[in-house]
Structures are given as structure tokens and as C-alpha cells.
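*Asks:* This structure is in C-alpha cells; I'll ask about it shortly.
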Amino acid sequence: MPSVFSHIRRKNIIIGILSAVFFLSVPLIIFYSSGYSLRTGFHVVKTGGINLLFLPGGSSVSVDGKFYKKIPVFSDQLFIQGLNTGIHTIRAEKENYYPWIKRLEIKAQKVAVGYVLLVPVNPEIKNIPRYIPITGRKPGVDGQSRQYADLSVILQKNNITGKIRIKKKVVIWREGKRIFARWKGRKKMTPEFLVDNFFFKKNLIYQAKGEILDFDFYPGRNDTILISEHGHGIFTLEMDKRPPYQNAHKIMVNACNFAVINDIIYVHENEKIILVRLE
Amino acid sequence: MLQSASIPAKKKIMPAIDFSRYKAGNALEFSGRQKFIYRALEIFPGLLSWSTLAVCVAACFIAPMQISIFIIAFDVYWLLKTLYLSIHLWNNWKKMEKNLKTDWKLKLAGRDYTEIWHLVILPFYNESGQIIEKSLKALAEADYDTKKLAVVLAAEEKAGKNAEELASGLCKKYKKHFGYFLVSIHPENLPGEQPGKGANTSWACSLARKKIIEKNHLPEKNIIVSVFDIDTVIYPQYFLCLSWNYLEQKNPELAAYQPVPVFNNNIWEASAVSRLMAYSCTFWHMIQQETVNRLTTFSSHAHSLTALKKSGFWQKNIVSEDSRIYWNCFFASRGNYYTVPMVYPVSMDANAGKTWLETIINIYKQQRRWCWGVENIPYLAFGFLFNKEIPFFKKIYVFITQLFDFWSLATNPLIIFILGWMPVLFGGTQFNTTVLSYNLPIVTRNLMIITMLSLSVCAAISVRLMPELPERMKKTRFFHVIMQWVLIPVTINFFSALPALDAQTRLMFGRYMNFWVTPKHRRKN
């Protein structure tokens, strides 16, 4: 085998180079992946990260007042790493939406989760007509819109007394002027927007001043609720009580009954049924 | 201790004292302590693979941090290994291109190769005349003095009268092209045999020795025996290339000669999965040809008759006779046997069933049969335990490299593509709030993308290796050939890792496999 020895030598050189790459790159990748960062002066520090959920495509994120990134259209979350430990102010915004601001505490090698709530300034609002226009009616039909009739039944049945809502293991209910939430899942799986309340097994989400007329989960979310309160209209409220405040935004001026069906809000105001889309 | 070779086959023979005739098949051939040892060695590969997977899965629950670090390191290893193999593949491709352009007759000028006889054994079972004829035609048209070829068409009695008649018909048609042409019929149900290619080939070879070699006084030391799967179509200068490689060796009888199996015969008719598996297999063997000290024999290959005679010819009691004959010769030559990479192709059939589903099932079964080569692990380990003639470090090297190959085949793809994501799913809240848990899928995904990019080497070579596109097919088929490589994460798990794990599990539980003949279908042109 005359060529075998030169072949083996070449093979050993390649193996040597690749082994060197392996032993150099693996520790670097592992350190970086575990949250270690290199700071000026070659100081290695333990950092943490933030994971922002429910970010609408095209929104922008800034950290401590500095622009960080614009979210691609088809993305809905953002993971930021390499943040120094301590409190960081996160701001998410998008044109024609109310901004979302939260101060999150970053611990070494840990990730804090932010449940971004961007509510449109001018949500799509549409009246559900009560009657079909005369030109579209079939002979002999009384002219009442089927959709209106169905929604009307649902909204009239929607009684706030004893109302409990459950979504993805989060339970919300009302006690007088207060709204509470509880985590139904395993204790250690409690999401960060709910504080694990060992003694009372319930979290006070909202203390109303006026009478609460209705409440439900925000469409598609279990961390945000919709409340209809006398004197305050219908508004969104995040459960997350971390500072600086609970983000809340008014979507209807008048308080009244509503129902969330297939991620669309239907509001029963006087005799009218109004469709509200918060996308 | 080891039993004598003179005990009849039914009384569990183990001729291990004479390592030139070390032909152990499985643990059932032993008794007492030897049976226990052999059985333990049969369990070992499967146990090792399952333990690896079990430890990884358990670690996802118990120690997600540690397993995540391991997975990242393993991903980097996999990336570098792919790069390393791609370098070998590219080198081998360049060599093969050069070898295909080489005029081997010119290269052999001045060498006395006219004395070399080539005994070609073509074992078959129920394959069609179309397939056999194509192989015979290629032999008859070989760029070599075909009168120096002795061809044995080895039929099975079990296949019935049709097979015998087919062989006789082909004999009549083709015998004039060759020095000798013999049809052998391997009798059914011979004692101590497992039906399959090994028993048939061995029978054909002994018949050829009697009826061709001894009868015509052909010099045994000048005979090279090529055993071809029946669908093997040689390239014109195969015998010239083989003769050159044979003459290049200091001790040609201490070497096996391995061409590169290229599954080109029906590649345009094969489905994407079938093409992918065919090329994966070809590329694996091209890479193996670059790692000479690990190369063994596979499918169609050649040995000197002297080496075969010394080792007692092919084993009749096993499935993977193609690789086992190498190890038989290895023990018979006290560990001095090696395989010469010919870096010259032979064309074979890609797996193509009548329907897509049949093809998929056939691919799985064929891969499992190939992975059943794991039966060589207990054979090697047992032989190494009792053989004092092979140097200790050589035994260790051979055993570890062989074991590692089977272990990595069964476990590595699963670790990479499936277990890699498990810590995030099962690591628990504590782990899922760490930076590492967020980075694990990102790092794994990015490393896999880079790894997949190195497959572009495979895609490029596969296009160059393909035969001319039939006129009835559109040029866009080339695009499919390139794009098929994105299926690698699927095929590597379902048609490599799972069959390997299946074969190892069967061996672990003593459910010994029988020889499964891959059905061959070709479109009539």
C-alpha cells in the first residue's frame, strides 16, 4: 500500500485542524449560549435575556430608550440576549397602535418574558345591521338579519352574575368590583404575568371604581382581559402588574355587554350590535 | 474451551481453534460458556445504542442543562464530521473522475497481466432475464480479453425450474464470449446453511474450482474472483483496473478489491427517496474508500482465489456475507488482510418497487439487511478474545472503529434531529427560563443549516455521476436531483437510524435475520 502512508498523514492533518476548531469553538458557543458576554476590557460577564411575545409584525422594540430592532412581518416574538443584569425598560410600538411599556428585571443567565400588548388606536368598528335591506329580501321573510338575531341571543344570555372564564389554564372571575385571576396548571408552570399567590390562590387583577358590567379574555390571549365598567367604557387591561403600570386602553366609550366570538368582539349597545376587531 | 471442527454441523460446531476457518454465525452454534460470551457480545451493540438514547432522553428530564451543552457540542462535532467526510468525498470523486478517464490498458503496458484469470460469480434468485442479461452483456463487452473470464451464473434450486431454464438459456447465448461459462444450481436445504447469497456463492465457487479451474489446470494463484450482485453492470475497463490494482500490491493475495457501487442502472426511474438513499450509499462508500484502514468489502467486490481458499470461502450461515468474507480473510491472514479501494465504479440498481409504498418498504428492508452487518461485531469481538496472533492494538482499533460505525449509524441522527429539541420540551420551567434553553433551538438550527450546506458537495457530485437523461424525461429532473437533498434529515432517520436500530435490537434479542432478496424492477426500454 504505497500511497496509504501519505494518505494517512493528510488525513491526520485534516483531523488535527478540525479537532482544533472543535475544541476552540465548542466552549465559545456554549458560553455564549449560556448567557456569557464579553465586555470592554475583556471582562466576561453573566448576562440575561428578554423574550417578547405577541409582537405584531412590523413593530419596533427599544431597550432603555435605544432602538433595538424592527420585527419582520411574519414574526411574532423577539428574543434579546446579552442584557446586563438589573432593571430594563422595554418599549414596543407600531404606527397607529398604543405603545407598550414594561420594566423587566433581568437576572443572570435567565430570560424574562414580556407579554406585549399593542392595541390599535382606531380599531375596526362596524354595525351589524338588524334588518336585511328590502332589495335583498326573499318574499315572505320578515327581514330580520339572521346574524343579528343569533348575536342578540348570545349577548342577552351573557349574564355577568357568577361568570367565570377559562383560557389556557388561566381562570378569571368577578367578585363585586374586583376581578381576580388564578393559574389552573402546575404551580411551577405559572406564567410570569401571574404572581404565584400561595396563600390566597388568587390574584387581584383589577379594582373597579364603577360597576363592572362585563369582562372576558382579550381575543386570542390569556394574559389580557377586556372589561366593561360603568363610567369607563370598555377597555383592555393586561394582567401583568410589573412596573411601571398595567397597560390599559379604552376601545369603547360607553360601557355595555359584549361577547368575544372567534377573536371578534361584539358589543351590545342599546339596540345596536357593533363588531370590534382589534388587529 | 473451543470445540473441534470435526463435530458435525448439527452438534453446534465452532472451529475457532483454526482461525483460518473461523465461521461463527450466531450464539446458537455454541454451547456453555462460549455461548454465553457470544450471546453477550450480540447484545452489546444494541444495548449500547439503546443506552445512549435512553441516557439522552432521561437527561432531557433530569439534567436539561448538561444535555443541552452535550447537544451543542455534538452539533458542532456533526458539522465538522460532515465537513471532514465532504472533503473525503470530493477527493474520492476527483480520483474516480481521473480513473474513469484513464486508459488502464496503457497503464498496464509492460505488466504481465495476461496471465491473470478473472472468475466472475453472478449469484441470482428470481431476478428477471432482462436484469441478468444486462450484466452479462457488460461483461461480454468489457475492454479486456474476455476469453480470460470464467463466468459462473449461480442459480438457486429454490427459485424453481424457471431460474434454471433462464440460466441455461443465457449460458447458450453468452458462453461464446467468455473463456468458460458455467451454470451452477445451488441445492435447497443443505445442512448448516442459511439460504442466501453467501451459500449460493460458496457453492458456485467450489463448483467452478472443480469444473473449470481444476479441470483446465488454471493456475489458482493467478485467479481473481469477482462476486457481483446480479444487477451489477461493470464499466468497460473494470477488469483492467482490477488487474492493475492487483499487480500493484506487494502481496495481492492479502487484499480484497472494492469498486464503488453506483446505483445508476435505473436511477431516473427511481423515486426521490430511492435516489437519495442510493446516492447516500454510494457517497458513504466513496468516503470509505478514502479511509483505507477502515474499508471492508461490500456488495460487488473481488478477492484472490488464494485468499478465499485460505479462509474457506464465503460463510453459508449468515446474511452479510459480503463484509464477512473480508473478516474471514482477516482472521485467516492473522490480521494482515486489507481492502484496496479501486476508486472505479460498478453500476447497480437503485431500489425501485412497483409502487411508491413498495419502494419505501423495500428501501427500509434493504437498509435493515445492510445494517444487519452488525452481526460482524460479536464475530469480531469473539474472534479477538480467543485469537492471540493479531496484535492487541490492532484488535482494539478494529473493534472500536467497527462498533463506533454501527453505534453512530443508529444513534447520531436521532440525537441530532430529534433529541436536540427535547430539553426545551421536557426540561421543565426552571430550565425553560434560562438563556441556554432559548439559545438551544437557535444554535441547533443554525448549525444544522450550515451542515446541510455542506451537502451541496453531495448534490453537485450526484448530478455529475448520473447517466444521461432519457429523452422521454424533462430536463427539470436535474432540479429534482439537487432538491432531493433537503430530504436528508428525514431519510437519515427513517432509512438509516431506524433500520440500524431495528437490526441491532433483533440481534440483541436473538431474533436472527434471514437473507432478504431485494426485488428488482426495471422499466423495459
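*Asks:* Between residue B:100 and residue B:511, what length in nm is gained on full extension when 0.36 nm per residue of separation is reduced by their alpha carbon distance?
*Replies:* Once the chain is fully extended between residue B:100 and residue B:511, it gains 143.6 nm.
*Asks:* Put a dot 7 Å past each Cα toward the Cβ at residue A:207 and residue B:114; how far apart are the dots in nm?
*Replies:* So the two model labels end up 11.1 nm from each other.
*Asks:* Only residues of region B:425-449 count here: report those whose backbone N is under 19 Å from the spot 7 Å along Cα→Cβ of residue B:455, or say none.
*Replies:* B:442-449
*Asks:* Excluding same-chain residues fewer than 8 positions from residue A:69, which lysines have a Cα within less than 16 Å of its Cα?
*Replies:* In chain and number order, the partners are A:94.
*Asks:* Would you mind checking region B:42-83 for residues with the amide N under 13 Å from a putative spin-label position 7 Å along Cα→C-beta of residue B:385?
*Replies:* B:42-45
*Asks:* Past 26 Å, Cα to Cα, is the threshold; run B:161/B:211; B:134/B:161; B:107/B:211; B:210/B:316 against it and keep the listed order.
*Replies:* From B:161/B:211; B:134/B:161; B:107/B:211; B:210/B:316, over 26 Å: B:107/B:211.
*Asks:* Ok, one more. For residue B:401 and residue B:188 in one chain, what is 0.36 nm times their gap in residues minus the Cα-Cα distance, to one decimal in nm?
*Replies:* Difference between extended and current length: 73.0 nm.
*Asks:* Let me ask you something else. Tell me the relative contact order for region B:30-152 as a rounded percent, counting alpha carbon contacts under 8 Å between residues six or more apart.
*Replies:* 20 percent
*Asks:* Given a 10 angstrom Cα cut-off, can you work out which residue in A:45, A:111, A:260 is the most mobile in a GNM of chain A?
*Replies:* A:45
*Asks:* Another question, then. Output the antiparallel fraction of DSSP beta bridges having both residues in the protein assembly as shown, as a percent to the nearest 5.
*Replies:* In the protein assembly as shown, approximately 70 percent of DSSP beta bridges are antiparallel ones.
*Asks:* Work out the mean other chain Cβ neighbour count within 10 Å for the residues of B:433-444 and drop it here as an integer.
*Replies:* Average neighbour count from other chains, rounded to a whole number: 6.
*Asks:* Something else: If I take R0 = 41 Å and measure r between the Cβ atoms of residue B:392 and residue A:31 in this structure, what FRET efficiency does the formula 1/(1 + (r/R0)^6) give, to the nearest 0.05?
*Replies:* Working from the Cβ atoms, E equals 0.50.
*Asks:* Please give the FRET efficiency for residue B:58 paired with residue A:84, using the beta carbon to beta carbon distance and R0 = 56 Å, rounded to the nearest 0.05.
*Replies:* 0.95
*Asks:* Going down the list A:11/B:81; B:176/B:309; A:177/A:202, which pairs span over 19 Å between their C-alpha atoms?
*Replies:* In this structure, B:176/B:309 exceed 19 Å between Cα atoms.
*Asks:* While we're looking at this one, here's another question. Using a cut-off of 12 Å between beta-carbons, work out the net charge of the residues near residue B:385 (Lys and Arg +1, Asp and Glu -1, residue B:385 not included).
*Replies:* Surrounding charge for residue B:385 is +3.
*Asks:* Sorted by average packing, counted as other Cβ atoms within 10 angstrom per residue and highest first, what order do B:366-373, A:31-38 take?
*Replies:* The densest-packed peptide leads the list: B:366-373, A:31-38.
*Asks:* Need the C-alpha centroid separation for region B:190-209 versus region B:265-296, integer Å.
*Replies:* After rounding, the separation between the Cα centres reads 27 Å.
*Asks:* Continuing with this model, one more query. Students often get this wrong: which residues of region A:217-259 have the backbone nitrogen under 11 Å from the point 7 angstrom along Cα-to-C-beta of residue A:272?
*Replies:* Once the point is set 7 Å along Cα→Cβ of residue A:272, A:253-254 turn out to lie under 11 Å by backbone N, inside region A:217-259.
*Asks:* Still on this structure, please answer the following. Which chymotrypsin sites (Phe, Trp or Tyr not before Pro) in region A:194-279 sit in a loop by DSSP (not H, G, I, E or B) and have at most 16 other Cβ atoms within 10 Å of their own Cβ?
*Replies:* Counting only loop positions with at most 16 other Cβ atoms within 10 Å, the chymotrypsin sites (Phe, Trp or Tyr not before Pro) in region A:194-279 are A:198, A:199, A:200, A:245.
*Asks:* Mind giving me the nanometre distance, one decimal, between the label points for residue B:164 and residue B:40, set 7 Å out from Cα along Cα→Cβ?
*Replies:* 4.9 nm
*Asks:* Continuing with the same structure: What average number of partner chain Cβ atoms lie no more than 10 Å from the Cβ of the residues making up B:287-294?
*Replies:* 2
*Asks:* Would you calculate a helix-derived [θ] at 222 nm for chain A, using -39,500 (n - 2.57) for each DSSP H run of n ≥ 4 and dividing by the full residue count, to the nearest 500?
*Replies:* Value at 222 nm, helices only, nearest 500: -5000 deg cm²/dmol.
*Asks:* Hey, got a sec? Which GluC sites (Glu not before Pro) in region B:348-456 land in a DSSP loop and have at most 12 other Cβ atoms within 10 Å?
*Replies:* B:389
*Asks:* Then there's this: Antiparallel as a % of all DSSP beta bridges within region A:38-115, to the nearest 5?
*Replies:* Of those bridges, close to 80 percent are antiparallel.
*Asks:* Is the shape of region B:112-353 rounded, prolate or oblate, going by the alpha carbon gyration tensor and its root eigenvalues a ≥ b ≥ c, with a/c under 1.5 for rounded and a/b larger than b/c for prolate?
*Replies:* Verdict is rounded for region B:112-353.
*Asks:* When the helices in chain B are scored as -39500 (n - 2.57) per DSSP H run of 4 or longer and the sum is shared across all residues, what 222 nm value do you end up with, to the nearest 500 deg cm²/dmol?
*Replies:* Rounded to the nearest 500, the figure is -17000 deg cm²/dmol.
*Asks:* Just tell me which aspartates and glutamates come within less than 13 Å, Cα to Cα, of residue B:365; anything on the same chain fewer than 8 places away is out.
*Replies:* Cross-link targets: B:502.
*Asks:* Let me ask something else. Label residue B:51 and residue A:101 with points 7 Å out from Cα along Cα→Cβ: what is the distance between them in nm?
*Replies:* Rounded to a tenth, the inter-label distance reads 6.0 nm.
*Asks:* Moving to a separate point now. So, counting K/R as plus one and D/E as minus one, what does the shell of residues with Cβ under 11 Å around residue B:223 add up to?
*Replies:* +1
*Asks:* Note down the net charge around residue A:235, summing +1 for each Lys or Arg and -1 for each Asp or Glu among other residues with Cβ under 13 Å from its Cβ.
*Replies:* Computed value for this residue: -2.
*Asks:* Separate question: Once phi is turned into ³J(HN,Hα) by the Karplus curve 6.51 cos²θ - 1.76 cosθ + 1.60 with θ = phi - 60°, what whole-Hz value does each residue of region B:185-198 show in order, with x for glycine and proline?
*Replies:* 10, 6, x, 7, 6, 6, x, x, 10, 10, x, x, 5, x
*Asks:* Shape verdict for region B:410-525, please, from the Cα gyration tensor: rounded (a/c under 1.5), prolate (a/b greater than b/c) or oblate.
*Replies:* Judged from the Cα gyration tensor, region B:410-525 comes out oblate (a/c at least 1.5, b/c at or above a/b).
*Asks:* Output the peptides B:436-448, B:393-405 sorted from most to least packed, where packing is the average of other Cβ atoms within 10 Å over each peptide's residues.
*Replies:* B:436-448, B:393-405
*Asks:* Between A:92, A:114, A:82, whose Cα lies farthest towards the positive end of the dipole of region A:38-115 when Lys and Arg beta carbons carry +1 and Asp and Glu beta carbons carry -1, centred on the Cα centre?
*Replies:* A:82
*Asks:* If you don't mind, another one. Over the whole of A:15-25, what's the average partner chain Cβ count within 10 Å per residue? Rounded to a whole number, please.
*Replies:* 3
*Asks:* Most mobile of A:186, A:165, A:146 per a Gaussian network model of chain A (Cα springs, under 10 Å)?
*Replies:* A:186
*Asks:* Then there is this: Only Cα pairs within less than 10 Å get springs; with that Gaussian network setup on chain A, which residue of A:103, A:39, A:182 has the largest fluctuation?
*Replies:* Largest GNM mean-square fluctuation: A:39.
*Asks:* Pick out, in residue order, every one of the GluC sites (Glu not before Pro) in region A:174-276 that is DSSP loop and has at most 11 other C-beta atoms within 10 Å; say none if there are none.
*Replies:* A:271
Every read-out reported here was derived from the displayed coordinates using simple, explicitly stated rules and does not represent laboratory data. Computed from a predicted model, the values in this text were never measured in an experiment. Counting neighbours? That spans all protein chains shown, and the Cβs are built from the backbone with ideal geometry, glycine included.
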